[in-house]
Amino acid sequence: MIQRQQIESTFAELLGQIADPDLRRRTVDTWMLAIEEGGWRSMEELSSMPFTLLTNCRGVNFLEHTVAVTQGAIGLAKAQMAAYQRMPYDIDMDRLIAGGLLHDVGKLTEFERKPDGTYVKSRAGKCARHPISGAILAAKAGLPQEVINMIACHAKEGEGRPQVVETVLVHQADFGTFDPLVMLEKGTLIV
C-alpha cells in the first residue's frame, strides 16, 4: 500500500511552497483518498501510469505530468507578477500549487492497471471523468471551493464556466503539456 510519506516525498518541493499547513495537509489527504478509492498499491504503478489514455504519452508519466503542470502554472503566475506594473487580479499561490497538484487526481479512480501492466479506463472512469471524480475527492477532504473549481474546471468540463484565475493558469499549463503530444501523434507539430 502506498504510504502518505511517499506522496509527501514525491511532491516535497511543491508541497513545501504551500504556506498554509491545513491546505498542504488536505492536498495530501486528497491524494490518499484517491489512492485508496482507486486501489493503487505501489508508487511503481503510479510512476508507470500514463498521464492520459487519449494519446501516446511518449514516456511521460502521471507523476511527471502533475509536477510539470504545477510548475508551469507557477511560471505563468510569476511571469505576470513580474511583468505587470499592477496586477489586475490577485493570484493565490497556495491555491495554485494545491490545484496544480490535484488537477488530475481523479485519474486515480478513472484509470486502472490491468494484470498485464496496461492502463485502461475503469468502470468509475466510464461513469465520471477525472475532473468530476477529483472534485468529489477534494470536497471529501474538505478543500476550499476555489481548489474544487480548479479540479472540476481545468479541462473541457470547465469550458464556459466561471473559474478562479488559478483554474485558468492550471488549464493553460495542462494543455501546454498535452497538445504538443497530440500534435506530434497527428504529425502537425513542427519538429
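Taken together, the values in this text are just the output of simple stated rules run on the coordinates, not laboratory data. As the structure is a computational prediction, the values presented were derived from the model and not from experiment. Because the Cβ atoms are built from the backbone with ideal geometry, glycine has one as well, and the counts that use them run over all protein chains shown.
Selection of the range 68-95 for residues being in contact with a helix residue (DSSP H, G or I) (Cβ under 6 Å, 6 or more places away or on another chain) and within 24 Å of Pro50 (Cβ to Cβ) yields Ala68, Val69, Thr70, Gly72, Ala73.
If you take the residues of the range 158-189 that are of a type in the set (D, E, K, R) and surrounded by fewer than 15 Cβ atoms within 10 Å (Cβ to Cβ), which of them is farthest from Leu23 (Cα to Cα)? Restricting to residues being of a type in the set (D, E, K, R) and surrounded by fewer than 15 Cβ atoms within 10 Å (Cβ to Cβ), the top hit is Lys186. Out of all the residues in the range 76-91, is one or more of a type in the set (Val, Ile, Thr) and either over 16 Å from His154 (Cβ atoms) or surrounded by fewer than 18 Cβ atoms within 10 Å (Cβ to Cβ) (or both)? Within the range 76-91 (the criterion being of a type in the set (Val, Ile, Thr) and either over 16 Å from His154 (Cβ atoms) or surrounded by fewer than 18 Cβ atoms within 10 Å (Cβ to Cβ) (or both)), the answer is no, since none of the residues qualifies. Evaluation of Thr109 against the conditions (1) out of contact with any Asp or Glu (no Cβ under 6 Å at 6 or more places or on another chain); (2) assigned to a helix (DSSP H, G or I); (3) touching a residue at least 12 places away in the same chain (Cβ under 8 Å) shows that the sole unmet condition is (1).
Residue by residue, here is whether (1) part of a helix (DSSP H, G or I); (2) within 20 Å of Ile148 (Cβ to Cβ); (3) aliphatic (A, V, I, L, M); (4) within 11 Å of the chain's Cα centre (by Cα) holds:
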| site | (1), (2), (3), (4) |
| --- | --- |
| Ser47 | yes, no, no, no |
| Gly59 | no, no, no, no |
| His65 | yes, no, no, yes |
| Val69 | yes, yes, yes, yes |
| Gln85 | no, no, no, no |
